[in-house]
Amino acid sequence: ARDFDDAISIERLPNGNFWLGVHIADVAHYVDEGSALDVEAYDRGTSVYFPDRAVHMFPAELATGLCSLNPHVDRLVQSCIMEVDRRSGRVVRYELHDGVIHSQARMTYTAVNAILTERDADVMLQYHEFVPMFERMHELFETLHERRRRRGSIDFDLKESEFVLDDAGQVEAVVAAERNVAHRLIEEFMLLANETV
């Protein structure tokens, strides 16, 4: 990912359900309505991602600084915390909070996929304290994905294009980027948080 503006937490409750937290960096805390930052961000509409860089809605001091959910530092977030039934995947209780999180690790999609799909011994050893959490996430993902499928959701699992650049920054090739289980897992959790909100 180019941005580190979301984080996930998950626990197993005594009743067997999942306690899933989706935490989004609270940029709004730093941007007053009608301020120059607000006007500029409104004009830009979104961050723009190029093959070799990103042009953010906000200055780097916010986008990759104060609002980046870097590990081992306190960061402001807006959180959607949901109790999800372990069998049906239905949200049975939720809470919305402004808060502070202290992320424990910055994970990549590649590393999480290596743990969950490839069972890569070296990567699993490197992140051994988080492996049980990723396995809980994968279990919940499968339940949520099946629930969405039963509801008639269309899964557009299409490959995205990835640009390969040479040393001079010129496009050398365009290849199909692989969406692995880690991408799909995060997408499923974000969908659930959006539906809940």
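The values are calculated or read from the model by the stated rules, or taken from the named source; none is laboratory data. Note that this is a predicted model, so its numbers are computed, not measured. In this analysis, Cβ positions are derived from the backbone assuming ideal geometry, glycine residues included, and neighbour counts consider all displayed protein chains. Areas reflect the complete protein model, heavy atoms only, side chains present, ligands, DNA and RNA absent. Shrake-Rupley method; radii C 1.70, N 1.55, O 1.52, S 1.80 Å.
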Report summary line: Label model pair F163, D6: point-to-point distance (7 angstrom along the Cα→beta-carbon line) in nm is 2.4
Report summary line: For the chain, the helices passing both cut-offs (Cα extent along own axis of 20 Å or more, Kyte-Doolittle mean at least -0.5, full DSSP H runs) are 181-196
Report summary line: So the carbon and sulfur contribution to the accessible area of the chain, 1.4 Å probe, in percent, is 51
Query - Distance between the range 157-183 and the range 90-119 - C-alpha centres, whole angstrom - result: 24
Query raised in the report: To the nearest 0.05, what FRET efficiency results for Q170 and Y42 with a Förster distance of 41 Å applied to their C-beta separation?
Result: 0.75
**Report entry** Accessible area (Å², per residue) of the chain, counting only protein heavy atoms and a probe of 1.4 Å
**Finding:** 62
**Report entry** Computed magnitude of the charge dipole of the range 1-136 (debye, nearest 20; Cβ of K, R +1, Cβ of D, E -1)
**Finding:** 640
Query raised in the report: Can you give the charge dipole size of the range 135-181 about its Cα centre, rounded to the nearest 20 debye, using +1 on the beta carbon of Lys and Arg and -1 on the beta carbon of Asp and Glu?
Result: 620
Report summary line: Candidates for Cα extents along the principal axes in Å are [x] 50, 43, 38; [y] 62, 39, 32; [z] 53, 40, 33, and the calculated one carries label [x]
